[in-house]
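Asks: Below: one structure in structure tokens.
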Amino acid sequence: MLTVEDYLHYLKGKGFQFQEDAIGFIFFGKHYTNASDEIINTAIELTLKAQKRFDGSFYVALLEMLTANNINSRKAALKYLKDRELLAI
């Protein structure tokens, strides 16, 4: 599993440019929710897929939802969101 830093570097290599405020939101969400790197990376991925850009508010709300429901893997996150029809991805 990639660390958040490694995942951001990977995304940069794919052409995603994160502004400084987006990086701040990512690490704020990580510390605020105490989520694992896997959940942080999943929330980043789902935010980009759902919003077509990085939306800090959407990302933090998604992280809060996942951690509040004790979701601790990418697979569980995708299942949780699909089962509740919360994201069409």
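The values are calculated or read from the model by the stated rules, or taken from the named source; none is laboratory data. Model, not experiment: these values are computed from the prediction. Backbone-built Cβ (ideal geometry, glycine too); neighbour counts: all protein chains shown.
Asks: For the structure I just gave you, tell me whether residue 37 is surrounded by 14 or more Cβ atoms within 10 Å (Cβ to Cβ) and without any contact (Cβ under 8 Å) to a residue 12 or more places away in the chain.
Replies: So residue 37 does not fit the description; no.
Asks: Within the stretch 33-77, can you find the residues that are under 18 Å from residue 18 (Cβ atoms) and of a type in the set (Ser, Thr, Tyr)?
Replies: Matches in the stretch 33-77: 42, 47, 57, 59.
Asks: Moving to a separate point now. Answer with yes or no whether residue 19 is surrounded by fewer than 17 Cβ atoms within 10 Å (Cβ to Cβ), over 14 Å from the mean Cα position of the chain (by Cα) and either hydroxyl-bearing (Ser, Thr, Tyr) or at pLDDT below 95 (or both).
Replies: In short, yes.
Asks: OK, next. Quick check on my filter: what residues within the stretch 53-71 are farther than 11 Å from residue 29 by Cα, surrounded by fewer than 16 Cβ atoms within 10 Å (Cβ to Cβ) and modelled with pLDDT of 95 or more?
Replies: 68, 69, 70
Asks: When the stretch 22-34 is examined, which residues are found to be surrounded by fewer than 16 Cβ atoms within 10 Å (Cβ to Cβ) and in a helix (DSSP H, G or I)?
Replies: Answer for the stretch 22-34, where residues must be surrounded by fewer than 16 Cβ atoms within 10 Å (Cβ to Cβ) and in a helix (DSSP H, G or I): 23, 24, 27, 28, 31, 32.
Asks: Now for a different question. Within the stretch 45-76, work out how many residues are aliphatic (A, V, I, L, M) and in contact (Cβ under 8 Å) with a residue 40 or more places away in the chain.
Replies: Result for the stretch 45-76: 1.
Asks: Would you tally the residues in the stretch 41-76 being assigned to a helix (DSSP H, G or I), among the hydrophobic types (A, V, I, L, M, F, W, C) and over 14 Å from residue 11 (Cα atoms)?
Replies: The number of residues fulfilling the criteria is 10.
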